[in-house]
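The structure under discussion appears below in the form of structure tokens.
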Amino acid sequence: MASVLRPLKGNVDGKFKILIVGNCGTGKTTLQARLSNLLKIPGASMDQFRWLPNWEAAPKDVFRARIETYMSTNLSWILDGNSSSVVFNLAHAEATDVIWLDPPFLLYYPRLLLRTFTRILRFHPAGSLPDGCYETIRNVFFDSESVLWWGFLGHWKRRGQYEPFLRTESVELGGKWRRIGGWGSELRRWLCAIEYMVTPSTTARNS
């Protein structure tokens, strides 16, 4: 009989260090908050360590130090975001689980558009970003760093970046990478499996 894969691997001490990656707008931060609530462990976004007020980028050494401090001061943690190879490699090396959100472009890009426009109008909060990090007409339409532009190009870029990991380190091969795609049902099933895993009755049955 084939063994059933746990929704999360964790480490030998039962701690979870979860890295969530994926293109802009795929729901990384939303999933991070959901998992943080389910697992009762700290969750954070790379953006809150990367940006200073008014979209000033933290120096690379400061950004890296902030990530290192976050990971070293928490026995379990969740971190979402895409970053430079140095910070990605740092988080990837420590992670017990890597969740790659890879839904269809036509599912999440309209959501990214809606989120961006509601942030321009201040109808949608800027999440955990520092003060002054707002979307504006200028940085959305007239800036090479536009989130919409990055979201458009990033769909294929992220696949090229992450597919090699999936071929060699997927959970099916005993690794820590899990790709979640589809139109939403796959993610819902996975979250249900985590809810089942953490319920006290499940623990009692397996003890």
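The values are calculated or read from the model by the stated rules, or taken from the named source; none is laboratory data. As the structure is a computational prediction, the values presented were derived from the model and not from experiment. Note: ideal-geometry Cβ built from the backbone for every residue, glycine included; neighbour counts use all protein chains shown.
How many residues are of a type in the set (S, T, N, Q) and under 18 Å from SER72 (Cβ atoms) if we restrict to segment 5-35?
Residues of segment 5-35 of a type in the set (S, T, N, Q): 11, 23, 26, 29-30, 32.
From what is left, the residues that are under 18 Å from SER72 (Cβ atoms) are 11.
Matching residues across segment 5-35 total 1.
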* Asked: Do the conditions hold for GLU145, that is, is it surrounded by 14 or more Cβ atoms within 10 Å (Cβ to Cβ), among the acidic types (Asp, Glu), modelled with pLDDT under 90 and not in a helix (DSSP H, G or I)?
  -> no
* **Scan of segment 157-169 for residues that are under 17 Å from the mean Cα position of the chain (by Cα) and farther than 14 Å from ASN82 by Cα, ordered by number** => GLU163, PHE165, LEU166
* ILE41 fails exactly one of the following numbered conditions: (1) closer than 22 Å to PHE165 by Cβ; (2) out of contact with any helix residue (DSSP H, G or I) (no Cβ under 6 Å at 6 or more places or on another chain). What is the number of that condition? -> (1)
* To do: Tell me which residues, restricted to segment 33-63, are of a type outside the set (A, V, I, L, M, F, W, C) and under 17 Å from the mean Cα position of the chain (by Cα).
  => ARG34, SER36, ASN37, LYS40, PRO42, GLY43, SER45, ASP47, GLN48, ARG50
* **Check on TRP156, aromatic (Phe, Trp, Tyr), modelled with pLDDT of 90 or more and touching a Ser or Thr at 6+ places or on another chain (Cβ under 8 Å)** => no
* **Boolean, ALA91 is among the small types (Gly, Ala, Ser) and free of Cβ contacts under 8 Å to residues at least 60 places away in the same chain** => no
* Kindly list, by first and then second residue, each pair from a residue in segment 153-178 that is on the phi < 0 side of the Ramachandran plot to a residue that is acidic (Asp, Glu) and assigned to a helix (DSSP H, G or I), limited to pairs with Cβ atoms under 8 Å and residues at least 6 apart or on different chains. => GLY175/GLU169; LYS176/GLU169; TRP177/GLU169
* Take segment 79-95 and flag every residue that is under 16 Å from the mean Cα position of the chain (by Cα) and surrounded by fewer than 19 Cβ atoms within 10 Å (Cβ to Cβ). => SER84, SER85, PHE88, ASN89, LEU90, HIS92, ALA93, GLU94
